[in-house]
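Working notes for the structure below.
We did not get these values from a lab; they are worked out from the coordinates using the rules stated. Bear in mind the structure is a predicted one, so any value in this text is a computation, not a measurement. Glycine gets a Cβ as well: all are built from the backbone with ideal geometry, and neighbour counts include every protein chain shown.
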Amino acid sequence: MADEGTDTGTVRGTDAGTDVGAGTGTDAATGKAEAAVPSAHRPCVLVTGATGYIGGRLVPELLAAGFAVRALARTPEKLRDHPWAEDTEILRGDVTDAASVRSAMDGVEVAYYLVHALGSGRSFEDTDRRAAEIFARQARAAGVRRIVYLGGLGPRGIPERDLSPHLRSRAEVGGILLASGVPTAVLRAAVIIGSGSASFEMLRYLTERLPVMVTPSWVRTRIQPVAVRDVLRYLVGCARLPGDVSRTFDIGGPDILTYRDMMQRYARVAGLPERLILPVPVLTPRLSSLWIGLVTPVPPGLARPLAESLRYEVVCHEHDIARYVPVPDPPGHPLAVDDALELALRRVRDAEVTTRWSNAAVLGAPSDPLPTDPEWSGGSLYTDRRERTVDAPPEVLWRVIEGIGGDNGWYSFPLAWSLRGWLDRLVGGVGLRRGRRDAGRLRVGDSLDFWRVEEVVPGRLLRLRAEMRLPGLAWLELTVGRDAQGRTRYGQRALFHPHGLTGHAYWWSISPFHAAVFGGMARNIAAAAAAEYHARPE
């Protein structure tokens, strides 16, 4: 999990390396080019890897700090859903293509190198080396004032050649950039805590899914994790370092603990029982990666190099960065592990539907998910999605949706819904007896049988949050829209965020009935709207 650099990558699904590979040319794409024009008051900074975990969160922090931001991405289209896209100049390019990098560097004062080829295959070290050399040469030729790189925190006293390929490559890239002739700040971090971080997601899935674990001995290894918001604060602060500062900085939070401790801390913050963790010495890095791949959705190409790095103790050797980048007050210190975990889990804990599930139109906290985070990040979320074309105008379909529940029922298998309500009452839940406040209108906060109205966009969206007794959190979302041919379209999503292994078992145990219950619900709502429309007086 010593993968702070991995967390700076840019591949959706691998969290590393989209911007490393064969690329072509540079051209402006989605975004306002004038937003990144440097001026006396808005120095221009270049962010590579903006589709990645750290890069996507760094851009809004730089904008808020008064910088004009230019982002270089192989696939600019991935950035269009970010709230900051319209305020950023977004260029199409690739860090292994010198012409791309040369064009992107024009007028740039500070260049952030936040890409890594981890997960792209066995040759990732060669790709990393070539990309870093191109970046270093072009930064010097363009007169860039500073390079900032987020790398990996390595163990003390072990020669670079003896490190895992992952950590060795991180160290080599840092060395190439430091030797560029451009003042360079290399930040070295261990585990970064925040939704979307590869190391954090591994920790999350292992802890949530396994109440009992037979683990590799590396769970006893000491680490010094750091919250993503502190990482971003240091990265922004490095843009204003004095010109004579060119060195590495170790960054970490105030806590030093083992991976085993981290899992127990996560369980406590997530409201899970204490985990039974049994370390054994026989699991090699390869077996560890297979174990991680079996239990978590983290891709094997990413899991294996990370697992190979887990045997190293990664603790800060110094904290000189504090002399240059002060900690804001409050809190007056880097975030502790428990506080960082609370932030990473807050959207689920507070029962919010996150950007991991539907793209956000507003900027969230750095610890929140982003649209470009890998599909496997953000914790487990099961979804049952249904769509129907409706032979009725949107306003008629909306009346049917807004009248759901209570005496109107749920449009499929009344006996199944009644049985679910009875079972909920049996275990102390609210059941179906609450009905609804108004027969024709819903508003946020209304109770609706064993649901609560969480969001209403009249004519477009109804989102309900379950208040029945469940081993997790559940939502039901009903939408009205039109398809490309202008026909009325009904959308339905049932979402479930499981709580521990029991939650996963619950979802899979009821999945065989979804086609009947949710499929029937979608068909019958569409049919009810059509019947109401065609029954109108001529």
Sort 222-231, 84-93 for me by packing, meaning the mean count of neighbouring Cβ atoms within 10 Å per residue, highest on top. 222-231, 84-93
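Can you give the Rg to Rh ratio of segment 284-327, both from alpha-carbon atoms, with Rh computed by the Kirkwood formula?
1.27
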For labels at Glu342 and Arg487 in the simple 7 Å Cα→Cβ model, what's the distance in nm? 5.1
If a/c stays under 1.5 just call it rounded; otherwise compare a/b with b/c (prolate if a/b is bigger, oblate if not). Do that for segment 133-184, with a ≥ b ≥ c from the square roots of the Cα gyration tensor eigenvalues. prolate
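Can you tell me, using C-alpha contacts under 8 Å and at least 6 residues apart, the relative contact order of segment 134-284 as a whole percent?
Reported as a whole number, the value is 28 percent.
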Hey, any idea what Rg/Rh is for segment 6-346, computing Rh the Kirkwood way over Cα pairs? 0.96
Percent of Cα-Cα pairs per 10 Å bin, from 0 to the last occupied bin, for segment 68-112, please list those. 26, 55, 19
Normalising by the residue count of segment 236-331, find the relative contact order in percent from Cα pairs under 8 Å and 6+ residues apart. 41
Backbone HN-Hα couplings from phi across segment 139-153 [Karplus 6.51/-1.76/1.60, Hz, Gly and Pro as x]: 5, 5, 5, 7, x, 4, 6, 7, 10, 10, 10, 9, x, x, 7
The long-range amide H neighbours of Ile277, using H built 1.01 Å from N in the peptide plane and a cut-off of under 5 Å, are Met213
Report, for segment 6-346, the % of DSSP beta bridges that are antiparallel, rounded to 5. 15
Under 15 Å, Cβ to Cβ, from Pro159 - net charge with Lys/Arg +1 and Asp/Glu -1: +1
Looks like segment 81-240, by Cα gyration tensor root eigenvalues a ≥ b ≥ c and the a/c under 1.5 rounded cutoff (else prolate when a/b is bigger than b/c, oblate otherwise), is prolate
Stretched out fully, how many nm does the piece from Leu257 to Glu387 gain, at 0.36 nm a residue minus the Cα gap? 42.0 nm
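Per residue and in Å³, how big is the convex hull formed by the alpha-carbon atoms of segment 474-534? Mind showing how you got there, number by number?
Values: hull volume 5.7 nm³, N = 61.
Once divided by residue count, the hull of segment 474-534 is 94 Å³.
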Fraction in percent of alpha-carbon pairs per bin - 5 Å, segment 162-276: 2, 10, 17, 19, 18, 13, 9, 6, 4, 2, 0
